[in-house]
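Enquirer: Just dropping this structure here.
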Amino acid sequence: MDSEIMHFLPLLVLGNIENLILAAQGVEAHVDPLILAMLSLTAVVMWLLIGTFATKFALKYARFINFIGGLAIFILGIQAIVQAIPGMMAFFH
């Protein structure tokens, strides 16, 4: 794997988890699956383009970018869990 990409590996892995969380939230909210798929693919392509053309520039900010991205992913995960608790409680009653 390219050494430049290795600096952003945590965001690559956690970003995919974030995409799964957001997709699950969309399914829970009964969003049209085609719209959800198009939005997800659009986000993936945008990140691919940003990653392809901005990696050299962003390399000196890799630690900051990883921290902010990881924090955002963590907050979205907590938000998804908090929103899922009422549904989980209803399932067990």
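Enquirer: Expressed as a rounded percentage, what relative contact order does the chain have, with Cα pairs under 8 Å and six or more residues apart? Intermediate results must be reported in sequence, preceding the final value.
Expert: Working: 29 pairs, mean separation 48.6, N = 93.
Here the relative contact order equals 52 percent.
Enquirer: Ile50 to Ala62: extension gain in nm, 0.36 nm per residue of separation minus the Cα-Cα distance?
Expert: 2.9 nm
Enquirer: What list of ³J(HN,Hα) couplings, whole Hz, do you get for region 43-59 from phi and the Karplus terms 6.51, -1.76, 1.60, once you set θ to phi - 60° and write x for glycine and proline?
Expert: Those phi angles translate into 5, 5, 5, 4, 5, 5, 5, 4, x, 6, 9, 10, 4, 4, 5, 7, 4 Hz.
Enquirer: Name the shape class, rounded, prolate or oblate, that the alpha-carbon gyration tensor gives for region 23-79, where a ≥ b ≥ c are the square roots of its eigenvalues, rounded holds for a/c under 1.5, and otherwise prolate holds if a/b is larger than b/c and oblate otherwise.
Expert: oblate
Enquirer: Something else now. What distance in nm separates the simple spin-label points at Phe74 and His30, each placed 7 Å from Cα in the Cβ direction?
Expert: Simple spin-label model gives 3.5 nm for this pair.
Enquirer: Using only Cα atoms and rounding to the nearest 10 degrees, what angle (0 to 90) does helix 62-92 make with the longest principal axis of the chain?
Expert: 10
Enquirer: Using a Förster distance of 30 Å, how high is the FRET efficiency between Thr42 and Phe92, based on the Cβ-Cβ distance and rounded to 0.05?
Expert: FRET efficiency, Thr42 to Phe92: 0.25.
Enquirer: Work out the FRET efficiency for Val82 and Val13 from their Cβ-Cβ distance, taking R0 = 25 Å, and round it to the nearest 0.05.
Expert: Once rounded, the FRET efficiency stands at 0.60.
Readers should treat all values here as calculations from the given coordinates under stated rules, not as data from a laboratory. As the structure is a computational prediction, the values presented were derived from the model and not from experiment. For neighbour counting, all protein chains shown are included, and Cβ atoms are generated from backbone atoms with ideal geometry for every residue, glycine included.
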